[in-house]
1. Looking at segment 22-45 only, could you name the residues that are at negative phi and among the basic types (K, R)?
2. Taking R31 as the residue in question, decide whether it is modelled with pLDDT of 95 or more, of a type outside the set (A, V, I, L, M, F, W, C) and not in a loop (DSSP other than H, G, I, E, B).
3. Can you pull out every residue in segment 1-42 that is acidic (D, E) and surrounded by 15 or more Cβ atoms within 10 Å (Cβ to Cβ)?
4. Within the group E11, E22, E33, E45, which residue is among the charged types (D, E, K, R) and within 8 Å of the chain's Cα centre (by Cα)?
5. Scan segment 43-58 and give yes if some residue there is of a type in the set (K, R), surrounded by 12 or more Cβ atoms within 10 Å (Cβ to Cβ) and at pLDDT below 95, otherwise no.
6. Within the chain, can you find the residues that are in contact with a helix residue (DSSP H, G or I) (Cβ under 6 Å, 6 or more places away or on another chain), hydroxyl-bearing (S, T, Y) and touching a residue at least 40 places away in the same chain (Cβ under 8 Å)?
7. Working carefully through the options E17, E3, find the one that is part of a loop (DSSP other than H, G, I, E, B) and of a type in the set (D, E, K, R).
Amino acid sequence: MSETHEPTTTEIATYIERMVAELALLARASRLEMLAYLLDIAREEASARAADARVAVRR
């Protein structure tokens, strides 16, 4: 029997961080600076949430 792995909050936030970083690079390469800026903010938020989740797990 195969059990599926439910991703943790840390894993999800880290995945979002990576994907948004790639999108920001694409936006910047296309000179979509405002969009790149907003994506960078989303990346920073995802990074912060991942860090918060890692700290919560240690407690």
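1. The first filter runs over segment 22-45 and keeps only residues at negative phi, leaving 22-30, 32-45.
Residues satisfying the conditions are R28, R43.
2. Details: modelled with pLDDT of 95 or more: yes; of a type outside the set (A, V, I, L, M, F, W, C): yes; not in a loop (DSSP other than H, G, I, E, B): no.
No; evaluated as a whole, the condition is false for this residue.
3. Residues of segment 1-42 acidic (D, E): 3, 6, 11, 17, 22, 33, 40.
Once the filter is applied, which keeps residues that are acidic (D, E) and surrounded by 15 or more Cβ atoms within 10 Å (Cβ to Cβ), segment 1-42 yields E17, D40.
4. Details: E11 fails: within 8 Å of the chain's Cα centre (by Cα); E22 fails: within 8 Å of the chain's Cα centre (by Cα); E33 fails: within 8 Å of the chain's Cα centre (by Cα).
Answer to the selection: E45.
5. Looking only at segment 43-58, we keep the residues that are of a type in the set (K, R), and these are 43, 49, 54, 58.
Checking the rest, the ones that are also surrounded by 12 or more Cβ atoms within 10 Å (Cβ to Cβ) come to 43, 49, 54.
Next, only the ones that are at pLDDT below 95 stay: 54.
Checked against the condition, which is being of a type in the set (K, R), surrounded by 12 or more Cβ atoms within 10 Å (Cβ to Cβ) and at pLDDT below 95, segment 43-58 yields at least one hit.
6. Within the chain, the subset in contact with a helix residue (DSSP H, G or I) (Cβ under 6 Å, 6 or more places away or on another chain) is 9-10, 13-14, 16-17, 20-21, 23-24, 27-28, 35-36, 39-40, 42-43, 46-47, 49-50, 53-54.
Still in the list and also hydroxyl-bearing (S, T, Y): 9-10, 14, 47.
Residues satisfying the conditions are T9, T10.
7. On the way: E17 fails: part of a loop (DSSP other than H, G, I, E, B).
Only one candidate passes the filter, namely E3.
The values are calculated or read from the model by the stated rules, or taken from the named source; none is laboratory data. Only a predicted model underlies this, so the values are computations on that prediction, with no experimental measurement involved. Cβ sites come from the backbone with ideal geometry, for glycine too, and all protein chains shown count toward neighbours.
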